[in-house]
Structures are given as structure tokens and as C-alpha cells.
Amino acid sequence: MAEDYQMLPGALMKGKRGIVTGVTNHQSIAWGIASQLAAQGAELGFLHVPGQERRVTPLAESVGARFVAPADVTDDASMDAAFEVARATFGTIDFFVHAIAFAPRDQISGSFVENATREGFLTAMSVSAYSFVDCCRRASALMPEAGGSIITLTYMGSERAIPNYNTMGVAKAALEASVRYAARDLGPKGIRVNAVSPGAMRTLSLAGIQGGRAMLAKGRSLSAMKQDTAMEGVAGCALWLLSDLGRSTTGEVVHVDAGFHIMGFTEDETAEG
């Protein structure tokens, strides 16, 4: 387990098996979620970006992962192979965690209108949004008749124009719409589909965005709770949605950002007005 996080032990996920994607290091949100799932008794398999095996395998082994496999979401053959490993190992799965997003660096700085290119825009949409649809199709085919749960990770840049988030924000908006449509289609099969929207956190993804440190500071100072977003809170929300506790919740985008998303203006701005 990552020493940075204080995960709650228990048995909410005992007997449940599932797949986690998007782990890159011990600060990954996907790793925080995986750690909490493992602490609650889940059996895990990990899919990672090709070439990241050396980073992912030690973390996966620390929680007794059943398999670690590469998966290139832009390559159908790679995805076929990855999900065949999952099928051969688990037979069926109860949950799936999609934590996959990417936009070229020139798409997440400066002016959205001026910098957005056709190639960069389509890359962001393919990796960050279409991959979720593809994973829903593949993961749902491995889920039993009793159903299952799928979650993805989004960010408030889907709803509001966040400086430098740009094309990624548009891709996240498409991702959130995909959550609703997938929830509608898979609901009759007992499969729930939701998104968790954390506040800014110290991850590799944030490090790649110009002004990332400022986003962290703003998130803390302007949030309702005047706190950083805690990994334990994000992982706890994921646990709720993936466990039987969330059995009647689907098609939702749940914000876990210490109340940052509800704020219209600061107390100082009120005083000035």
C-alpha cells in the first residue's frame, strides 16, 4: 500500500474482482482507488500503457494483483489481447476503473481556439473519451448476469473554461456525456456507470498542464472547505460507486473537490461588492 494514503480496511469488496487502468506511479488517482479496493478485499488486475510495466508491476504486486497487462487504447488488437488476459484470469469481473486521458501538450496551454488542431483534438477525444466507450463495451461483456459497476475519472474543466485545460476539457465533456449514454444502455443489464470528478491533485497529469501549481492553490483557497482534495476522499467515493453501497446510483458525475465546484465567488469578492 502507498504510505501516503490512509485507506480504510474492511470487506466491502470481498469476493469481487475487477480491472484498474491508468496507474502510473504511487501518486496516481487510479492507484489511490486501487489501494482502497484492495484494502476492502477486492481481487485486482491492472492494465497499463505499453512501456509502463516497470512502474506499474511493483505497485500491482504490493496488493496481490492477479495480472498486469499492457493495453494501448488506440489499438484494437492490443485491447483484444488485454481483455483476453482478464477473461482467462478472472472469467467474469464485477467492476472496471477507467482512468485514461491524454492530450498533446500544445492542446493544453494558451488559447483553445488558436491552438486546437484537428490531429490534437481527435487524439484527445480518442484517448480520453472513445476509450471509455470501448472499455465499457469490453468490460460489460465480462460482467455476470447480476451486473457490475464501471467508473471513470473526469474534471470540472468539462463544465467550465479552466485556464490551459482547453482541448482536454472538451474531451472530458464528451466523456461525461458518454457516461450518461452508457448508463442508459447498460442499466438493463444491472451495470452501473458513473464518473468521479476530483479537484486538482498532485499527479503526473496535473504536472503536464501549464499553471498546474496555481490550480492546486486556487482549489484549496476557493473551496468551501479550504482544503486540498484528499486521495482518501476520492478513493472512498470510488469505493462507494463500485461496491454494493452504490447499487441505485448510475449516470452520475460526483464531485470530490472539497466543495470547489459549488463556489460562485469568494468572501473577499462579496465584501468588495
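The values are calculated or read from the model by the stated rules, or taken from the named source; none is laboratory data. Quick caveat, the model's predicted, so the values are computed rather than measured. For neighbour counting, all protein chains shown are included, and Cβ atoms are generated from backbone atoms with ideal geometry for every residue, glycine included.
Please go through segment 179-195 and give me each residue that is assigned to a helix (DSSP H, G or I) and in contact with a helix residue (DSSP H, G or I) (Cβ under 9 Å, 6 or more places away or on another chain), ordered by number.
Val179, Tyr181, Ala182, Asp185, Leu186, Lys189
Of the residues in segment 106-140, how many are within 19 Å of Tyr165 (Cβ to Cβ), among the acidic types (Asp, Glu) and touching a helix residue (DSSP H, G or I) at 6+ places or on another chain (Cβ under 8 Å)?
Matching residues across segment 106-140 total 1.
Quick check: is even one residue across segment 153-164 outside any loop (DSSP other than H, G, I, E, B) and farther than 25 Å from Ala235 by Cα?
no
For the list (1) closer than 23 Å to Met231 by Cα; (2) at pLDDT 95 or above, I need the number of the one condition that Thr167 fails.
(1)
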